[in-house]
Structures are given as structure tokens and as C-alpha cells.
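First comes the structure, then the notes that go with it.
The values are calculated or read from the model by the stated rules, or taken from the named source; none is laboratory data. The structure displayed is predicted, hence computed values, not measured ones. Note: ideal-geometry Cβ built from the backbone for every residue, glycine included; neighbour counts use all protein chains shown.
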Amino acid sequence: MLFTWCMLGGLIFLFAPETWTSKFQFAFTRIFSWPLSVSRVVSLSARTQQQPTDVVGYSQYNQLQNHLANLTAELNQERQKVRTLSGLRDRRPALEGAGLVLADVITSSVGGLQNALIVNRGANDGLAKGQFVLADNSVIGTISTVASRTAEIKLITDPTSKIPVEIAELNVSRIMQGTGKYSARIQMLSIKHRVRVGDSVYACKKPGFLDTPLIVGKVAKCIRDDENPSVWDITVKPACDIEGLNSVAVLIMNPQK
Amino acid sequence: MNWFRFAVLLVIAMVLQAGVVDILAFANSKPDLLLILLVFFAVYSDTSNAIITSFAIGFASDIIIGSAMGPQTVSFGLFGTLLAYLHRVVAIKKMHYQSLVIALTGFLAGTLALFLSSLKDQPIAPNAFTILLGTSIYSAVVGPFLFSLLSWWIRMTVHRFGRH
């Protein structure tokens with residue numbers, strides 16, 4: 001009898017609308033945002049320690065630390081200005097009329113079955129499903145689920161992420177799919193097109209969501225497809241270090257005044 | 001069963017699984033602490049407690065995975081219950097048996113969860129089964145070593161040898 005009741009509860013969750021059930025997930029990230037942030041910092045710092053190549057001299061370290069301190073002060077000042085003047089809205093020349101909502105990363109899941117970030121902005125801040133998310137001036141993913149005060153971002157490296165992209169000056173668009181291994185792949189591009197390692201990959205325009213192509217990543221590897229040698233199998237690395245992100249910006253093309 | 005200690009343990013496992021466990025990631029796989037908890041309670045609790053804990057751990061897993069709710073609750077609940085009944089017939093005390101059970105439960109419960117997710121129109125990653133297999137094996141390697149720690153926290157006696 002106990003099993004039957006529990007199973008019934010599980011099945012109700014399974015077939016209940018996602019808008020209703022996702023509230024549990026966002027409630028967890030909201031309630032435990034502090035331990036989750038600490039957990040993420042520990043994870044990030046451990047990962048940083050595993051990279052002995054990123055070492056600089058003592059003098060350069062001091063210079064960089066001072067530069068960082070100056071920039072941090074400047075950043076705080078600018079953030080304060082942005083908050084005061086336009087409710088977290090920023091403007092870029094290439095995205096005239098668009099709004100950018102800054103959001104802090106609460107928790108991230110990178111590498112594995114799901115590559116996603118949960119951020120501390122939601123529908124109350126104007127976020128909606130499908131909006132593009134930027135970091136370091138590049139596209140890192142799209143909003144996949146939204147609650148009132150939190151949202152989930154599906155990263156471009158997520159195995160289920162599929163976004164139309166263009167490579168450098170090639171005038172053809174193809175679908176880029178995440179691999180789940182810190183990269184994404186572009187397939188079905190004929191070998192008659194010249195693709196070089198290092199070429200930039202841009203997210204295609206999407207009316208209502210993206211009015212101008214924005215960089216997504218760079219071609220890291222370009223080989224002939226094993227199954228179909230007449231097309232390329234292109235590996236794309238994100239244009240920024242997604243794992244180390246602490247904050248992102250959500251692009252809102254037609255922000256509500 | 002001390003349910004307060006269980007709740008604290010579950011929350012700690014959820015927070016660790018959502019962040020710190022990433023440090024241990026190897027070849028795109030990381031141990032699943034909730035899977036280890038599932039097998040621990042299925043093996044060391046009585047049947048009714050095992051059923052409740054299985055569904056609760058499945059629910060927790062659904063929350064931290066962040067996609068559709070329900071698949072992990074149903075699959076963890078089902079396999080945790082089956083494991084609890086199996087344990088009444090076959091003793092799962094030795095470490096290598098526990099490892100085997102963690103690996104099998106992880107893969108089967110994960111496969112069922114993927115199937116249930118597909119019923120909700122959730123896209124499934126092309127390499128989902130590779131990651132699932134890696135996670136199950138990794139958890140199987142780590143799991144039995146955590147059992148002593150878990151039994152200390154829950155105040156349970158763990159017998160590694162013979163039937164008790």
C-alpha cells in the first residue's frame with residue numbers, strides 16, 4: 001500500500017505540467033542558494049588549482065592583482081549606475097533597442113548528461129524561454145525554463161542544445177549541437193566550404209530573440225566525417241570559459257518599458 | 001530510522017551533488033551520491049523505510065537534475081523497492097556485491113528515467129547511455145567506501161560479513 005501511494009505521487013509529478021513542477025527545483029536553488037554558491041566556489045577553486053600552466057611571476061601577479069582591484073571598483077560603480085539608471089538594462093551599438101539583464105550564477109552543471117546554469121533572475125526581471133544568454137560578449141546558451149525569480153540556462157555544450165550558426169564568412173547556416181564535453185559539433189557542412197581551425201562561429205539571427213549574429217565559439221577541430229566523408233565534422237569550443245562564469249547577461253530584444 | 005538525520009543527510013548530498021562532486025569528474029562521469037544513498041537505505045533499512053527513502057531520494061534527484069520532475073522519483077522508487085525486497089532473499093553485505101548492485105541499479109534506474117523523460121518530450125542526449133554507464137561504474141567504485149560513513153551518521157550497524 002505504501003509503495004502504491006508513493007508511486008502514485010511519483011506519477012502525478014511525472015505527468016504534471018512542467019511549469020508547476022519546476023517550482024520545486026527553483027525553490028531548492030533559492031532556499032539553498034548560499035550552500036550551493038559555496039559548493040560552486042569550492043568546485044571552481046579546485047579546478048583552478050588543477051591548472052599549473054596558469055602561473056605568472058610574483059611581479060606580474062601583483063600588477064594583475066592591482067589591476068583587478070581597480071577594475072573591480074570600476075565594475076561595482078558601473079553596476080550601481082546600471083541598476084539605478086535602467087533597471088539592469090545595458091545597451092550595445094550592435095543591439096540597439098535591446099536590453100541586457102545581468103544575472104548571477106547560483107549553480108552550474110557542466111559536463112555530463114546536462115550542461116546548464118541556474119541564475120538568480122526570472123520572469124519578474126523580464127526573462128522568457130528562448131532568450132539568448134551572453135557572457136564575455138559571446139553567446140553561451142538560451143533560457144530553457146523560467147520561474148518568477150530564477151531561470152535555467154541550457155548551455156551550447158548541452159547534448160540537447162541545437163542552435164543555428166554560421167561559420168566566419170561562409171554564407172551558410174548549419175545546426176550546432178552540444179556534445180556534453182565542453183564543446184559543440186557542426187555537421188552536414190559540405191567539404192567544398194573552406195573551414196579553418198580558429199574560424200569564428202556565430203549564432204544566426206532569430207527574429208524576436210537575436211537581431212544580429214553574435215559569436216558563439218571558435219572552430220577547434222575540422223575533420224572529414226567518418227560516416228560521410230563529403231561533409232565536415234567540426235568541433236567548436238565556446239568563446240568564453242563557461243565553467244568559470246559567475247555572472248551572465250540575458251539578451252532581451254524588445255524589453256518592456 | 002532517525003528521519004531528521006536522514007533529511008539532513010539528503011540535503012547535504014543534494015548540495016554536494018549539485019557542485020562539489022564536479023571536482024571528482026573523470027571522463028565526463030561523476031559519482032552519483034544519491035544513487036549511493038538509495039542502495040545504502042535499500043540494503044540496510046527495513047522494507048517500509050526503504051520504500052519511503054527510495055522515493056524521497058528519487059524526488060531529491062529530480063530536483064537537482066533540473067529537467068523534468070518525476071522520472072527519477074518513479075525509477076528510484078521502483079528500483080529501491082525492488083532492491084529492498086531482493087535483500088530479504090539475498091544478502092547484499094560484501095563490498096563487491098554492493099558495488100555490483102550500485103552499478104546495476106544506477107544503469108537500470110537511469111535507463112528507466114531516460115525512458116520516462118522521453119514520455120514528457122524531454123530531449124535525450126546522444127551519449128546519454130555512455131554517461132549513465134560511466135556514472136554507474138564510478139558510483140559503484142566509490143559507494144561501498146561511503147557506507148561506513150553513512151551508517152555512522154544514521155546510527156545503523158553495518159555488517160560486512162555473514163547474515164545478521
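Listing for the model above:
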item: Matching option when the condition is more than 10 Å from chain A (Cβ to nearest Cβ), at pLDDT 85 or above, surrounded by fewer than 16 Cβ atoms within 10 Å (Cβ to Cβ) and out of contact with any Ser or Thr (no Cβ under 7 Å at 6 or more places or on another chain), among B:150, B:100; result: B:100
item: Qualifying position, being of a type in the set (D, E, K, R) and at pLDDT below 70, among A:40, A:47; result: A:47
item: Odd one out for residue A:226, checked against (1) under 20 Å from residue A:144 (Cα atoms); (2) in a loop (DSSP other than H, G, I, E, B); result: (1)
item: Count - residues of the stretch A:123-157 that are within 14 Å of another protein chain (Cβ to nearest Cβ) and either on the phi > 0 side of the Ramachandran plot or not charged (D, E, K, R) (or both); result: 13
item: Filter pass, residue B:109 being aliphatic (A, V, I, L, M) and over 16 Å from the mean Cα position of the chain (by Cα); result: no
item: Exclusive hit being within 12 Å of another protein chain (Cβ to nearest Cβ) and either surrounded by fewer than 18 Cβ atoms within 10 Å (Cβ to Cβ) or touching an Asp or Glu at 6+ places or on another chain (Cβ under 6 Å) (or both), set B:49, B:2; result: B:49
item: Tally, over the stretch A:18-30, of residues that are at the interface with another protein chain (Cβ under 8 Å from one of its Cβ atoms), modelled with pLDDT under 80 and surrounded by fewer than 18 Cβ atoms within 10 Å (Cβ to Cβ); result: 1
item: Residue list for the stretch A:163-214, filter: modelled with pLDDT of 85 or more, surrounded by fewer than 18 Cβ atoms within 10 Å (Cβ to Cβ), under 20 Å from residue A:133 (Cβ atoms) and β-branched (Val, Ile, Thr); result: A:175
item: Residue tally, condition within 11 Å of chain A (Cβ to nearest Cβ) and surrounded by fewer than 18 Cβ atoms within 10 Å (Cβ to Cβ), over the stretch B:125-147; result: 4
item: Filter result for the condition that a residue is facing chain B (nearest Cβ under 8 Å) and either over 20 Å from residue A:122 (Cα atoms) or touching a residue at least 40 places away in the same chain (Cβ under 8 Å) (or both), over A:33, A:39; result: A:39
item: The stretch B:1-56 - residue that is touching a residue at least 12 places away in the same chain (Cβ under 8 Å) and among the aromatic types (Phe, Trp, Tyr) and, of those, farthest from residue A:8 (Cα to Cα); result: B:26
